[in-house]
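Where a number appears in this text, it was derived from the coordinates with a stated rule and is not lab data. Note that the structure is predicted; figures quoted are calculated from it, not measured. Cβ placement follows ideal geometry from the backbone for every residue including glycine, while neighbour counts extend to all protein chains displayed.
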């Protein structure tokens, strides 16, 4: 027989907790390691045996999902968090997924359904209906649009003069050469460079060039050069890694009882 799945319960309803302890304890695959009624009690539980899965009541009054999952992960870093008692609507599910949950159990679900989800999550999979998988992909697209919009806004923060100076920095000119090229003082160039660094949140010229290449700010000046080709490849790899990191959270598993 494989090692039992260690389960920890975070729930402020005593009757429900006792029922979960008895039901999970009756299955040979699971063992209840402990339980807590709030997050303050978690600090006293850190010395417990291996916790594989933490069941978190969705209606726990004292926390938002992100804070709740963070509190559990702080005490049990290896634990996968399953939210129980979730309202059967898309936004509730997505809210918990975005907060870092590894699974969810609806209010209408049975104990056997919850038990199956515990085993699925323990195996490293995410129980998700085709409908929720579609909603999750739509949310990923929405996050990507928000990310791109944020990058575009950051680009427009640079003034025309700052953009010109950034182009000259990328061309390899120093402050003195930039001042001569634009017929302005060196102190004015330094002021603009400082503003560029501040807006791009970098501290060195090389960082500014790299970030500007990734965001397309220098694309017009450097089009056709090998440096742009390299930057384009890096940007594509970054987007691919970003999408892969999000998509690994959504492994569809077909279960008729969680379709809605």
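How do 181-189, 67-75 rank on mean C-beta neighbours within 10 Å, highest first?
Details: 181-189: 13.9, 67-75: 18.3.
Packing order, densest peptide first, comes out as 67-75, 181-189.
Say R0 is 25 Å: what FRET efficiency, to the nearest 0.05, do residue 99 and residue 16 get from their beta-carbon distance? Don't skip to the end; give the middle numbers.
Numbers: r = 21 Å, r/R0 = 0.85.
E(calc), rounded to 0.05, equals 0.70.
How big is the stretch 5-127 on each of its three principal axes, counting only the C-alpha atoms and giving the largest first in Å?
Over the stretch 5-127, Cα extents along the principal axes are 35, 29, 29 Å.
Suppose R0 equals 45 Å. What FRET efficiency, 1/(1 + (r/R0)^6) with r the Cβ-Cβ distance, do residue 131 and residue 199 give to the nearest 0.05?
Details: r = 42 Å, r/R0 = 0.93.
Rounded to the nearest 0.05, the efficiency is 0.60.
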